[in-house]
Amino acid sequence: MLPALDAAAPMQVHAKRGQQGESKVSVTQHGDMRPATSVRNRSPWRSAIAAGLGSAIEYYDFQLYAVLAVTISALFFPNQSPETALLSTLLIFGGAFLVRPLGGMFFGWLGDRHGRRSALLVTVIGMGFATVGIGLLPGYLALGILAPCLLLLLRFAQGFFAGGEVTGAATYIAESVPVRQRGFFGAFNPAMATFGLTLGTGATGLCSAILGAPAMAAWGWRIPLLLPVR
C-alpha cells in the first residue's frame, strides 16, 4: 500500500531534458501536467561571443561622441564660447544616460515576447543608424538651431539602444550557458563592451593622427561615425 501524500506539502517536479535537449512535462503544485517549452541546445561559446561582439559594436558607437566632443562642439554651438560650447555638447552626451533604463526595460520586454536574438539584432541595427545619422548631420551653420536638436534626438536614440543591448546581452548569455559557467561566460559581455570603448577611442585617435587637426575638424570627425556602415 502506497504511503499517503501530505496534501499541504508543495509538490513540484521540474521538467527533465530528453536526449535531444527537449523538455518533457512538469507537475505543478496542484498536480497539473503541463507540456514544457522546447529548449534549443546552444553552444555557450557561440552565444557568449555573439553577445559580446554585439556589445563591442554598441559601445564603439556609444564612445565616439565622447571622444569627438571637443571637435563637434564648435560645429553645433559656434555662437558660444569654446568652454560653453563644450559644456553644451557634453550635456547632450549625458542625455543618453537618461534613456538607457528605458531601453533596457523595452528591449527586455521585447526579448521576452519575441526572443533575445531578435531584440539584440534590433539594438545593433538601431545603434548603427543613430551613429551614422550623427556622422551625416550638418552643423549649425546649415540647419541653425535644428542641428543641436537633431543631435540630441540621435544621442537619445544611442542611449536607448545601448541600454537595451547591454541588458539583453547579459540575459541572453545567462539563458544560454550552463549554470555553473555563468560567471565565466557572463564576463564576455562587460569585457567586450570595454573593448568597444577602447576601439572607439583608438579609431578616433588614429584618424586624428593621420588627417591632422584642420581636416579632422572640417570633415575627418565623420569617418569613425560612418564606419558602422558595415
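Values in this text are rule-based calculations from the coordinates and carry no lab data. Everything quoted here is computed from the prediction, not taken from an experiment. Virtual Cβ from ideal backbone geometry, glycine too; neighbours counted across all protein chains shown.
Summary table below
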{"quantity": "Exposure proxy ranking, count of Cβ atoms within 10 Å, fewest first, for W221, W45", "calculated": "W45, W221"}
{"quantity": "Projected label distance in nm at L206 and A174, using a 7 Å step from Cα toward the beta-carbon", "calculated": "3.5"}
{"quantity": "Proximal charge balance of Q158 [Cβ under 13 Å; K/R count +1, D/E count -1]", "calculated": "-1"}
{"quantity": "Fully extended contour minus Cα-Cα distance, from V70 to L91, at 0.36 nm per residue", "calculated": "6.3 nm"}
{"quantity": "M105 versus A142: modelled label distance in nm, points set 7 Å from Cα along the beta carbon direction", "calculated": "3.6"}
{"quantity": "Spin-label pair F195/L98, simplified geometry with 7 Å Cα→Cβ offset, distance in nm", "calculated": "3.4"}
{"quantity": "Normalised convex hull volume, segment 124-182, alpha-carbon set, Å³ per residue", "calculated": "63"}
{"quantity": "Under Karplus coefficients 6.51, -1.76 and 1.60, residue-wise ³J(HN,Hα) of segment 132-149 in Hz, glycine/proline x", "calculated": "5, x, 5, x, 9, 6, x, x, 5, 5, 8, 10, x, 5, 5, 4, x, 5"}
{"quantity": "Value of relative contact order over segment 58-134, rounded to a whole percent, pairs C-alpha under 8 Å and six or more apart", "calculated": "30"}
